[in-house]
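Here the structure comes first, spelled out in structure tokens, and everything after it is commentary.
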Amino acid sequence: MDTFKKILDDVDEVDLTPMIDVTFLLLIYFMVTTMIKEPEAELSIQLPGKASNSDITPMELLKVRIGDEGEVYLNGSEIENGLDLEMPDLVANLKIQKGMRDQLISSGARSKEEAELKVEIASSGIAEHQAAISVLNACSEARVYKVTFAFN
């Protein structure tokens, strides 16, 4: 009877340390493997679809090149922007080009697919990213929405 009483008096203790360790390991695993939603996913971007077989020949697109020091060239001629991040000269040139192409569309001389203004941005490998962002902002201000990037 003494042994039975001794067994009943013993208190079993569960060591929680391994369970806490496993919980933290699982937490770290899920934190590392979880895909975080990127801010770019919130942008409404339309990826190019299948090319259509049509006889439309679009007008030449404007080529904006960003040099090593952040200088900006529009179709080969340098745009004077100095240290101004708003690039007023580029915005003015883009607005003029867009106005001329919009006149061609409204007069019926060209269709929208042919005359719509498109800009291609080519950046030097060592140029600051701010220069490309400033060019994109200039395109947005001039209401040019068809922009592509060229890789050198």
Keeping to region 83-115, report how many residues are within 14 Å of residue 59 (Cα to Cα), at pLDDT below 85 and under 27 Å from the mean Cα position of the chain (by Cα).
4
Can you work out which of the residues in region 86-95 that are touching a residue at least 12 places away in the same chain (Cβ under 8 Å) and of a type in the set (D, E, K, R) is surrounded by the fewest Cβ atoms within 10 Å (Cβ to Cβ)?
86
In region 116-137, the residues that are at pLDDT 90 or above and touching a helix residue (DSSP H, G or I) at 6+ places or on another chain (Cβ under 6 Å)
119, 121
Scan of region 96-126 for residues that are surrounded by fewer than 18 Cβ atoms within 10 Å (Cβ to Cβ), among the hydrophobic types (A, V, I, L, M, F, W, C) and not in a helix (DSSP H, G or I), ordered by number
109, 122, 126
Being more than 23 Å from residue 130 (Cβ to Cβ), modelled with pLDDT of 75 or more and outside any helix (DSSP H, G or I) is the requirement here; does residue 15 meet it?
yes
Every residue from region 116-141 that is within 15 Å of residue 69 (Cα to Cα) and either in contact (Cβ under 8 Å) with a residue 24 or more places away in the chain or more than 16 Å from the chain's Cα centre (by Cα) (or both)
122, 123, 124, 125, 126, 127, 128, 130, 131, 132, 134, 135
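The values are calculated or read from the model by the stated rules, or taken from the named source; none is laboratory data. Bear in mind that the values here come from a model prediction, so they are computed numbers and not experimental data. A quick note on method: Cβ atoms are made from the backbone with ideal geometry, for glycine too, and the neighbour counts reach across all protein chains shown.
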